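K.L.:
This is the structure I have questions about; it appears just below.
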Amino acid sequence: MKNNVRSSVVHFRRWGNKSFSAFSSMHKLVKVCVLSAAYFATLGLPSIVAQNTEGISKEINLDEVEVNAEIKKVMMENELTRIIAVVSKNEIERSSARSLAQLLDAMPGIDVRQRGAHATQADLSIRAGSFDQVLIMLNGINISDPQTGHNNLNIPISLQSIERIEILEGAGIRYNAEGAFAGAINIVTKKGDKDAVEASVTYGDFNYLDTEVGFTLKQKNLSHMLNINSTSSDGYKDNTDFDTKRIYYRSNYSNGNTSVDFQLGYINNGFGSNSFYTATFPNQYEELSNIITSLKVTSGEKLKISPKVYYKRAFDRFELFRDMENAAAWYGGHNYHQTDVWGTGSDFKFTSALGNTNIGVDLRNERIRSTVLGEDLVNPIPHPQEDSIFFTKEKSRLNLNTFINHTFYVQNWIIGANVLLNYNGIAEKVSPYFGIDMAYKLNDNLALKASANQSFRMPTFTELYYTGSQNIGNPDLEQEDAVTYDLGLDYNNSFIAFHTSVYHRHGQNIIDWVKQDASDAKWQTMNYSQVNTSGIEAILTVMPGKISAPLSFIEKLEGTATYNHSEVANQKFISYYALDYLKHKFTIAADFRLLEGLTFSAIAQHQQRHNPTDASSKYEPFWLCDAKLQYQAKHFTPFIEVSNVFNTTYYDFNHLPQAGRWAMAGVRFKL
């Protein structure tokens with residue numbers, strides 16, 4: 001399902017006492033608040049989001065601002081050249097998306113490919129990268145799945161519990177985490193700033209049922225947020241049913257210069273996997289579950305110290321034959337996996353006459369126990385949740401990152417320099433990575449930005465060890481590396497925002513599944529030479545109501561365009577993933593206020609995929625349209641939403657036709 005959400009752009013008016021007067025005419029005040037400093041350890045230095053601010057000084061450590069502008073851009077102190085597309089809470093509520101994956105699919109530069117309805121299984125990629133090359137964070141904590149990127153979006157978060165989503169396109173070592181190879185997604189959840197009770201129920205085609213209840217409580221310096229969600233459907237065709245349960249809790253304590261942030265989430269997601277990974281056996285089934293928890297502390301005034309600890313345990317059961325009575329005689333049983341990830345680290349931030357400095361360290365350990373992935377165990381280990389199942393394989397790896405980021409100011413220039421040292425515990429080697437970002441204000445409304453950043457990614461356990469009827473893993477894989485160059489131009493005034501950027505990513509030792517010849521029976525992983533990717537993006541947002549009063553019923557119009565092109569240097573093999581990417585993407589979106597409280601939102605999206613692997617590919621270009629009508633009263637909001645309005649037949653994966661028109665209706669309550 002493609003969906004109805006957009007990002008927009010905005011600049012701050014002053015930085016380091018230098019005027020950014022593109023916002024002088026807006027005459028609005030944007031609130032500034034502080035986010036847990038553990039967020040910076042992963043996402044970088046402080047972010048600044050504003051439609052307008054009053055006199056921001058470079059001596060102030062601005063950690064985060066409230067995202068409440070209609071036209072917005074995040075400009076981070078040390079992400080000077082990047083557009084972070086911010087999907088706000090209001091945009092989420094207006095969207096016809098029913099999942100995080102569907103929500104992200106409308107964003108420029110992002111490709112979401114779904115195997116199951118409503119993103120029961122979805123692969124997320126950025127700028128023609130693979131689904132393994134995107135870093136996923138929850139409130140700044142790295143929750144990417146080391147088993148496989150196929151599971152990255154199996155997160156215990158419903159849309160109702162999200163405050164906003166931040167998207168960074170392009171490489172960046174300042175994330176202090178392996179995996180931000182092509183970009184990163186950070187999901188920021190609500191904190192519980194006031195007492196409230198929220199509930200919703202949605203029913204639709206194919207017996208779709210989504211029920212949710214959420215609570216927020218504020219007690220002096222302590223806040224709580226709890227969300228419980230259940231989503232299920234019979235599926236749009238045989239063996240596409242799903243049943244997902246989520247529960248998520250977050251608490252935050254703030255007192256002066258000290259804050260403590262805790263989160264705990266659990267998800268169980270079972271779904272029929274009709275032809276998901278091979279069309280030869282359509283009766284597949286998969287069940288995923290994981291628990292995520294973290295604790296972050298921020299203290300200090302002139303010197304901010306930010307320690308953090310986190311833990312994630314995930315289980316995956318994949319059934320090639322959902323009905324064992326009809327399984328093939330050679331079938332040896334289901335695949336079982338358990339991954340455990342723990343991490344800790346801290347960073348230290350201070351401001352001096354030379355600018356802003358951030359120094360930190362991050363330690364992360366990843367372990368898998370499995371029936372198929374890893375190295376053989378002498379003594380099998382019993383599965384903690386499945387009777388009579390024993391893990392026969394195991395593998396652990398440790399990564400240590402230390403980094404320093406510094407930002408300084410020279411007249412209209414802002415320049416950030418970054419260095420990271422990575423220790424790879426398996427290879428037992430240290431690798432340095434570098435980056436530089438620059439921003440220059442051309443005039444009151446126009447800014448030019450440029451960057452050059454290195455990035456890297458460790459192979460997943462699936463790439464290393466999975467061997468099946470059509471695949472062979474490679475335990476000797478090395479990490480892949482890239483250098484990404486970005487050049488961007490931004491224009492912004494009170495009623496229009498425009499952003500365009502061009503990029504080039506030079507990737508080395510790229511990991512891919514390949515064949516030497518089409519007649520080969522199996523795909524095998526290898527560090528696949530060099531893959532060079534270039535592209536261009538453009539976003540235009542217009543607020544007609546600010547141009548002319550009679551047009552005020554049109555709240556927002558937005559168009560985006562994305563073009564990507566990848567090629568392999570000295571191509572000697574047939575590639576499975578490296579050249580299977582989204583080439584063209586166009587979106588046209590509009591928000592209308594029909595009557596007081598009554599709104600209508602629609603988005604049309606065009607996609608064209610590049611895939612030379614199979615001459616019989618069904619990847620034909622297609623258009624999709626989603627729409628949502630809702631009425632917002634004081635305590636309740638009824639709505640009707642339709643995905644794929646014109647019942648288009650399309651394919652995200654070659655052999656898997658996606659769901660056609662899907663209509664739903666529901667109501668949200670808030671007290």
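K.L.:
Enumerate the strands (runs of 3 or more DSSP E) found wholly within the stretch 505-591, keeping only those where 3 or more residues are in contact (Cβ under 8 Å) with a residue 60 or more places away in the chain and touching a Ser or Thr at 6+ places or on another chain (Cβ under 9 Å).
P.N.:
511-515, 530-542, 554-569
K.L.:
Sticking with this one: With respect to A627, determine if the residue is in contact (Cβ under 8 Å) with a residue 60 or more places away in the chain, in contact with a Cys (Cβ under 9 Å, 6 or more places away or on another chain), in a strand (DSSP E or B) and closer than 30 Å to D210 by Cβ. Please lay out each step first, then the result.
P.N.:
Numbers: in contact (Cβ under 8 Å) with a residue 60 or more places away in the chain: yes; in contact with a Cys (Cβ under 9 Å, 6 or more places away or on another chain): no; in a strand (DSSP E or B): yes; closer than 30 Å to D210 by Cβ: yes.
Answer is no for this residue.
K.L.:
Of these, V378, V361, which one is among the aliphatic types (A, V, I, L, M), touching a residue at least 12 places away in the same chain (Cβ under 8 Å) and in a strand (DSSP E or B)?
P.N.:
Just a single option satisfies the conditions, and that option is V361.
K.L.:
Could I ask something else about it? Any chance the stretch 568-590 includes a residue that's of a type in the set (S, T, N, Q), buried (at least 19 other Cβ atoms within 10 Å of the Cβ) and in contact with a Cys (Cβ under 8 Å, 6 or more places away or on another chain)?
P.N.:
Just the residues of the stretch 568-590 that are of a type in the set (S, T, N, Q), to begin with: 570-571, 575, 587.
Now drop any that are not buried (at least 19 other Cβ atoms within 10 Å of the Cβ), which leaves 575, 587.
Cutting the leftovers down to in contact with a Cys (Cβ under 8 Å, 6 or more places away or on another chain) gives us none.
No, because not a single residue in the stretch 568-590 is of a type in the set (S, T, N, Q), buried (at least 19 other Cβ atoms within 10 Å of the Cβ) and in contact with a Cys (Cβ under 8 Å, 6 or more places away or on another chain).
K.L.:
Just the residues that are of a type outside the set (D, E, K, R), in contact (Cβ under 8 Å) with a residue 40 or more places away in the chain and out of contact with any Gly (no Cβ under 9 Å at 6 or more places or on another chain), please, taken from the stretch 190-215.
P.N.:
Just the residues of the stretch 190-215 that are of a type outside the set (D, E, K, R), to begin with: 192, 196-197, 199-204, 206-209, 211, 213-215.
Next, only the ones that are in contact (Cβ under 8 Å) with a residue 40 or more places away in the chain stay: 192, 196-197, 199-204, 206, 208, 214.
If the condition is that a residue be of a type outside the set (D, E, K, R), in contact (Cβ under 8 Å) with a residue 40 or more places away in the chain and out of contact with any Gly (no Cβ under 9 Å at 6 or more places or on another chain), then G192, Y208, G214 are the ones that fit.
K.L.:
Next question, about the same structure. Condition (residue is buried (at least 23 other Cβ atoms within 10 Å of the Cβ) and of a type outside the set (D, E, K, R)) applied to the stretch 466-480: is it met by at least one residue?
P.N.:
Of the stretch 466-480, the ones buried (at least 23 other Cβ atoms within 10 Å of the Cβ) are 480.
After this cut, where a residue has to be of a type outside the set (D, E, K, R) as well, the list is none.
Looking through the stretch 466-480, none of the residues is buried (at least 23 other Cβ atoms within 10 Å of the Cβ) and of a type outside the set (D, E, K, R).
K.L.:
Has the stretch 611-622 got any residue that is surrounded by 14 or more Cβ atoms within 10 Å (Cβ to Cβ), modelled with pLDDT of 90 or more, assigned to a strand (DSSP E or B) and within 23 Å of the chain's Cα centre (by Cα)?
P.N.:
no
K.L.:
Give the stretch 543-596 a look and list any residue that's among the charged types (D, E, K, R) and over 23 Å from the mean Cα position of the chain (by Cα), or say none. Walk me through how you get there before you give the answer.
P.N.:
Taking the stretch 543-596 first, the residues among the charged types (D, E, K, R) are 546, 555-556, 558, 567, 572, 580, 583, 585, 591, 593, 596.
Within the stretch 543-596, K546, E555, K556, E567, K572, D591, R593, E596 meet the criteria.
K.L.:
Moving on to the next point. Within the stretch 491-501, can one find any residue that is within 30 Å of G435 (Cα to Cα), among the β-branched types (V, I, T) and buried (at least 22 other Cβ atoms within 10 Å of the Cβ)? If you could, list the steps in order and put the result at the bottom.
P.N.:
We begin by selecting, within the stretch 491-501, every residue within 30 Å of G435 (Cα to Cα); these are 491-492, 497-501.
Now drop any that are not among the β-branched types (V, I, T), which leaves 500.
Okay, now just the ones that are also buried (at least 22 other Cβ atoms within 10 Å of the Cβ), so none.
No, that holds for no residue.
K.L.:
Give the residue that is farthest from I368 (Cα to Cα), with candidates limited to residues of the stretch 288-314 that are surrounded by 20 or more Cβ atoms within 10 Å (Cβ to Cβ) and among the charged types (D, E, K, R).
P.N.:
My answer is K304.
K.L.:
Residues that are within 30 Å of A328 (Cβ to Cβ), among the small types (G, A, S) and in a loop (DSSP other than H, G, I, E, B): does the stretch 471-492 have at least one?
P.N.:
yes
K.L.:
Go through the stretch 633-670 residue by residue and tally those that are within 27 Å of Q160 (Cα to Cα) and in a strand (DSSP E or B).
P.N.:
The number of residues fulfilling the criteria is 18.
K.L.:
OK, next. Among the residues of the stretch 426-468, write down those that are polar (S, T, N, Q) and touching a residue at least 60 places away in the same chain (Cβ under 8 Å). Talk me through it step by step, then tell me what you get.
P.N.:
Residues of the stretch 426-468 polar (S, T, N, Q): 431, 443, 445, 451, 453-455, 460, 462, 467.
Across the stretch 426-468, the qualifying residues are N445, S451, N453, Q454, S455, T460, T462, T467.
K.L.:
Scan the stretch 458-470 residue by residue and report those that are closer than 20 Å to E394 by Cα and not in a strand (DSSP E or B).
P.N.:
The initial filter retains those residues of the stretch 458-470 that are closer than 20 Å to E394 by Cα, namely 458-468.
Scanning the stretch 458-470 gives M458, P459, T460, F461, T462, E463, L464, Y465, Y466, G468.
K.L.:
Please enumerate the residues belonging to the stretch 67-113 that are modelled with pLDDT under 75, of a type in the set (D, E, K, R) and surrounded by 24 or more Cβ atoms within 10 Å (Cβ to Cβ).
P.N.:
K72, K73, E77, E79, R82
K.L.:
Shifting gears a bit: Select from the stretch 326-351 the residues that are within 16 Å of I389 (Cβ to Cβ) and surrounded by fewer than 17 Cβ atoms within 10 Å (Cβ to Cβ) and list them in ascending order.
P.N.:
Passing the criteria: Y331, G332, G333.
K.L.:
Additional query: What is the number of the single condition among (1) under 18 Å from Q102 (Cβ atoms); (2) modelled with pLDDT of 95 or more; (3) among the aliphatic types (A, V, I, L, M) that I165 does not meet?
P.N.:
Unmet for I165, out of (1) under 18 Å from Q102 (Cβ atoms); (2) modelled with pLDDT of 95 or more; (3) among the aliphatic types (A, V, I, L, M): (2).
K.L.:
OK, next. For the stretch 364-374, name all the residues that are touching a His at 6+ places or on another chain (Cβ under 7 Å) and assigned to a strand (DSSP E or B).
P.N.:
Of the stretch 364-374, the ones touching a His at 6+ places or on another chain (Cβ under 7 Å) are 368, 370, 373.
Residues satisfying the conditions are I368, S370.
K.L.:
Output the residues belonging to the stretch 498-538 that are touching an Asp or Glu at 6+ places or on another chain (Cβ under 8 Å) and of a type in the set (A, V, I, L, M).
P.N.:
Within the stretch 498-538, V502, I510, I511, M526, V531 qualify.
K.L.:
Still on this structure: Which ones in the stretch 293-314 are closer than 30 Å to F271 by Cβ and either in a loop (DSSP other than H, G, I, E, B) or among the small types (G, A, S) (or both)?
P.N.:
Narrowing the stretch 293-314 to residues closer than 30 Å to F271 by Cβ: 293-294, 310-314.
Listed by number, the residues that qualify are S294, A314.
K.L.:
Any chance the stretch 315-325 includes a residue that's basic (K, R), buried (at least 17 other Cβ atoms within 10 Å of the Cβ), at pLDDT below 95 and assigned to a loop (DSSP other than H, G, I, E, B)? Steps first, please.
P.N.:
Step one: of the stretch 315-325, the residues basic (K, R) are 317, 322.
Filter once more, so that each one left must be buried (at least 17 other Cβ atoms within 10 Å of the Cβ): 317, 322.
Next, from what is left, pick out any that are at pLDDT below 95: 322.
In the following step, the residues that additionally are assigned to a loop (DSSP other than H, G, I, E, B) were identified as 322.
Checking the stretch 315-325: at least one residue is basic (K, R), buried (at least 17 other Cβ atoms within 10 Å of the Cβ), at pLDDT below 95 and assigned to a loop (DSSP other than H, G, I, E, B).
The values are calculated or read from the model by the stated rules, or taken from the named source; none is laboratory data. Since the structure is predicted, the reported quantities are computational estimates derived from the model, not experimental observations. Positions of Cβ are generated from backbone atoms using ideal geometry, with glycine treated the same way; all protein chains shown enter the neighbour counts.
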